[in-house]
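Asker: Supplied in C-alpha cells, the structure appears directly below.
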Amino acid sequence: MTTRLFPVFADLRDRTVLVAGGGTVARRKVAALLQTGARIVVGAPVLDRELEAWAAEDRIETIMGDFVDAWLDDVWLVIAATDDAAVNRAIAAAAESRRIFANVVDDAELSTIHLPARVERGPLQIAISSGGGAPMLARHIREHLEIQFDDSLGALAELLQKSRARIRAKLADLPARRRFYDRVLAGPIPALLRRGDTTSAERTLQANIDTASPQPVGRVALVGAGPGDPGLLTLRALRLLNEADVILHDRLVSDGVLALARRDAELIEVGKHVGGDHHATQSSIHRLLVEHAKSGKRVVRLKGGDPFVFGRGGEELEVLQSHGIDFEVVPGITAAVACGAYAGIPLTHREHAQSVRFVTAQTKSDDDGIDWHALAQDRQTLAFYMGVSGLERIRDRLVACGRCPNTPVALVENGTRSGQRVVIGTLAELPELAAAHRVSAPAILFVGEVAALATRLHWFGAAPLLGFPASARGATLARAA
C-alpha cells in the first residue's frame, strides 16, 4: 500500500522560507509564497528580471552564489527549484539532516513535503495532491474545481470568519453549532452573496444567530448503505453521512461507504455475528439509538442494502416512535437488485421469470412458515438473502416440492465490490458447489433460469465460475452422489 501524505496548511507568517533557484520555476514558487507573509529568501547565482524587481521592492531577500548549507540557517521550509539535479539533491540532503521540510521540484522521492495544486476563493483554499506522482492529474482536477466554485465562496468564508466569535458565544455546544452552520449554508445567504448583496447576507446571518437554539435536538436517520459499492448511495444518504454525529453501522457495511462519513463522526459497529445472541444485539442497538438521540446528537443507523428488506428497520422505528424521537428513512439499493445487476442476472425476464421473490435463508427450523410449494413454482426468480447458510436445506426443500434439480443457480459473493465472485451451477449440486469454491458471506443466492444469463451478460469483475473447480470436481461429485 502506498503511504499517504498527511495534508496540512502551514502558517508561514514571519517564518523564513528559502527558494533555491533563480529561474522561471523558482519565480512561480516565490509568487505562490508572496501572499503568505513569509520571509522569502531566494538563493541563486543569477536571478530573472521579475525576481530582481521583487528584490528591489524589498518583497524578497536574495543570496547570490552557489548553495551552501549555511543558507538553511533559521529556515522553516526550503524549495529546491534549480535546473541542476545534483544541487537539488544536495539541498534535500542538507535539509533532511537539519529536519527541515523540503520540496524538490519535479522529484517526489527527494521531497519531504509536496506543494499541492490549489483553488483559492478569498481565505478559502482547496488543495489537491497526487502525492507528487501525477501532478498533471492534480492540475486537471483543479481546473474542474475552478469552474464549479465561484468567487462568492470567498465572501462567504470572510462573512463566517467575521461572525465566528458571535456564533461561538451563542452556541457553545459543538453539535448545536455544527447544525447552525448546516442550516446557514443550506439557506439563502450563499445566493445573496452570489448576486453581490452583502448587506442582506449579513442581516440574514445575524437573524440566524439571534434565533439559534443552544440546545441541540437529536434525531435518527435510518439509512440504506446498499450492498457495498459507494457509488450506489443516494445523494440524501451521502448528505446524512456528512452531517451525522454518530453512525451505528452493520458489520458488512463496506469500508468505502464508511469512508464517506464525516471525519469526526463516532463510528459504532453493531453487526450481528454468526452464533451470537441476535436478540440481545438488537436490544443493544435500540438502547444506543435512544441514548444518542436523547443526548441531542444526529444519529445515522446505517444498514447494508435497504433497511426495510430483512433489516429490522421497522422494529427500530417502533422503538424510536415510542420514545418520541424524530426520524426519517432513506432507502438503499437492496442486495438482490444490486448484486443481480452487477452479476448480469436480470431478476425478471419475459422468457424466463415473470416474478421475483426475496427470501431470508437465515431461518433454520423445519416449521419456518415459508411456503416452499409456492417457491418451487417455475418461471420465477428466487433471491435468498444470507445465502451461504442452509444451502442443503434450501436445495432439498425446493426439489421435494417440485423444482427441477437442473434449475440454474448463482451465488454472488461480495456483490458490487472489487472482490465480487459469481459461481454458477444447478440446484442439485448447490451446497457442494458452494463448498468447493469456498463461498463465504456476504453472498446472495439466485435460483431460476435467469441465473444462467450471467455467463453471457456479466460485465463487472471476473467472469463467472462455472461448475466445480478441476481440483475438487471428482471428490465433490462423489460426496454429492
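The values are calculated or read from the model by the stated rules, or taken from the named source; none is laboratory data. Quick caveat, the model's predicted, so the values are computed rather than measured. Positions of Cβ are generated from backbone atoms using ideal geometry, with glycine treated the same way; all protein chains shown enter the neighbour counts.
Matching residues to (1) surrounded by fewer than 17 Cβ atoms within 10 Å (Cβ to Cβ); (2) farther than 23 Å from residue 216 by Cβ; (3) in contact with a Leu (Cβ under 9 Å, 6 or more places away or on another chain):
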| position | (1), (2), (3) |
| --- | --- |
| 156 | no, yes, yes |
| 162 | yes, yes, no |
| 169 | yes, no, no |
| 181 | yes, no, yes |
| 188 | yes, no, no |
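Asker: Would you call residue 134 small (Gly, Ala, Ser) and surrounded by fewer than 16 Cβ atoms within 10 Å (Cβ to Cβ)?
Answerer: Yes; evaluated as a whole, the condition is true for this residue.
Asker: Please find, among 81, 86, 70, 53, the residue that is on the phi < 0 side of the Ramachandran plot, surrounded by 14 or more Cβ atoms within 10 Å (Cβ to Cβ) and of a type in the set (Gly, Ala, Ser).
Answerer: 81
Asker: Just wondering, is there one or more residues in segment 466-476 that are at positive phi, of a type in the set (S, T, N, Q) and either crowded, with 22+ Cβ neighbours inside 10 Å or modelled with pLDDT under 95 (or both)?
Answerer: Within segment 466-476, none of the residues are at positive phi, of a type in the set (S, T, N, Q) and either crowded, with 22+ Cβ neighbours inside 10 Å or modelled with pLDDT under 95 (or both).
Asker: Does segment 4-27 hold any residues that are crowded, with 21+ Cβ neighbours inside 10 Å, touching a Lys or Arg at 6+ places or on another chain (Cβ under 9 Å) and not in a loop (DSSP other than H, G, I, E, B), and which are they?
Answerer: Passing the criteria: 17, 19.
Asker: Is it true that residue 415 is crowded, with 22+ Cβ neighbours inside 10 Å and not in a helix (DSSP H, G or I)?
Answerer: yes
Asker: Another one. Kindly indicate whether residue 409 is under 12 Å from residue 444 (Cβ atoms), in contact with a helix residue (DSSP H, G or I) (Cβ under 7 Å, 6 or more places away or on another chain), modelled with pLDDT of 95 or more and not in a loop (DSSP other than H, G, I, E, B).
Answerer: In short, yes.
Asker: Hey, residue 342 hits all of (1) closer than 30 Å to residue 289 by Cα; (2) in contact with a Phe, Trp or Tyr (Cβ under 6 Å, 6 or more places away or on another chain); (3) buried (at least 20 other Cβ atoms within 10 Å of the Cβ); (4) not small (Gly, Ala, Ser) but one; which does it fall short on?
Answerer: (1)
Asker: Hey, among the residues in segment 299-330 that are in contact with a Leu (Cβ under 8 Å, 6 or more places away or on another chain) and basic (Lys, Arg), which one's nearest to residue 228 (Cα to Cα)?
Answerer: 303
Asker: From the list 416, 426, pick out the single residue that is hydroxyl-bearing (Ser, Thr, Tyr) and touching a residue at least 60 places away in the same chain (Cβ under 8 Å).
Answerer: 416
Asker: Taking the criterion of being in a helix (DSSP H, G or I), in contact with an Asp or Glu (Cβ under 7 Å, 6 or more places away or on another chain) and outside the structural domain of residue 27 (by TED's automatic domain parsing), would at least one residue in segment 121-136 satisfy it?
Answerer: no
Asker: Is there a residue in segment 205-217 that is assigned to a loop (DSSP other than H, G, I, E, B), exposed (fewer than 13 other Cβ atoms within 10 Å of the Cβ) and either among the basic types (Lys, Arg) or touching a Lys or Arg at 6+ places or on another chain (Cβ under 8 Å) (or both)?
Answerer: Yes - at least one qualifying residue is present in segment 205-217.
Asker: Quick test for you: out of 223, 253, pick the one residue that is more than 23 Å from residue 152 (Cα to Cα), outside any helix (DSSP H, G or I), in contact with a Pro (Cβ under 8 Å, 6 or more places away or on another chain) and assigned by TED's automatic domain parsing to the domain that holds residue 316.
Answerer: When all the criteria are applied, what remains is 223.
Listed here are the residues, each with its yes/no results for (1) of a type in the set (Phe, Trp, Tyr); (2) touching a helix residue (DSSP H, G or I) at 6+ places or on another chain (Cβ under 8 Å); (3) part of a strand (DSSP E or B); (4) more than 30 Å from residue 178 (Cα to Cα).
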{"position": "287", "(1), (2), (3), (4)": "no, no, no, no"}
{"position": "324", "(1), (2), (3), (4)": "no, no, no, no"}
{"position": "327", "(1), (2), (3), (4)": "yes, yes, yes, no"}
{"position": "342", "(1), (2), (3), (4)": "yes, no, no, yes"}
{"position": "347", "(1), (2), (3), (4)": "no, yes, no, yes"}
{"position": "358", "(1), (2), (3), (4)": "yes, yes, yes, yes"}
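Asker: Just to be sure before I move on: is residue 59 modelled with pLDDT of 95 or more, assigned to a loop (DSSP other than H, G, I, E, B) and over 26 Å from residue 35 (Cβ atoms) in the structure I sent?
Answerer: The answer is no for residue 59.
Asker: Test of understanding: among 376, 383, which residue is crowded, with 19+ Cβ neighbours inside 10 Å, without any contact (Cβ under 8 Å) to a residue 40 or more places away in the chain and not acidic (Asp, Glu)?
Answerer: The unique qualifying residue is 376.
Asker: Being in contact with a strand residue (DSSP E or B) (Cβ under 8 Å, 6 or more places away or on another chain), surrounded by 20 or more Cβ atoms within 10 Å (Cβ to Cβ) and hydroxyl-bearing (Ser, Thr, Tyr) narrows it down to one of 407, 426, so name that one.
Answerer: Every option except 407 fails the conditions.
Asker: Continuing with this model, one more query. Scan segment 297-333 for residues that are among the acidic types (Asp, Glu) and either in contact with a Phe, Trp or Tyr (Cβ under 8 Å, 6 or more places away or on another chain) or over 20 Å from residue 251 (Cβ atoms) (or both) and jot them down.
Answerer: Once the filter is applied, which keeps residues that are among the acidic types (Asp, Glu) and either in contact with a Phe, Trp or Tyr (Cβ under 8 Å, 6 or more places away or on another chain) or over 20 Å from residue 251 (Cβ atoms) (or both), segment 297-333 yields 318, 326, 328.
Asker: Six or more apart or on different chains, Cβ under 7 Å: which pairs go from a residue in segment 78-95 that's touching a residue at least 12 places away in the same chain (Cβ under 8 Å) and over 21 Å from residue 32 (Cα atoms) to one that's surrounded by fewer than 16 Cβ atoms within 10 Å (Cβ to Cβ) and not aliphatic (A, V, I, L, M)? Could you list them?
Answerer: Hits for this filter: 94/69.
Asker: In segment 109-143, which residues are touching a strand residue (DSSP E or B) at 6+ places or on another chain (Cβ under 7 Å), more than 25 Å from residue 156 (Cα to Cα) and aliphatic (A, V, I, L, M)?
Answerer: 110, 113, 115, 138
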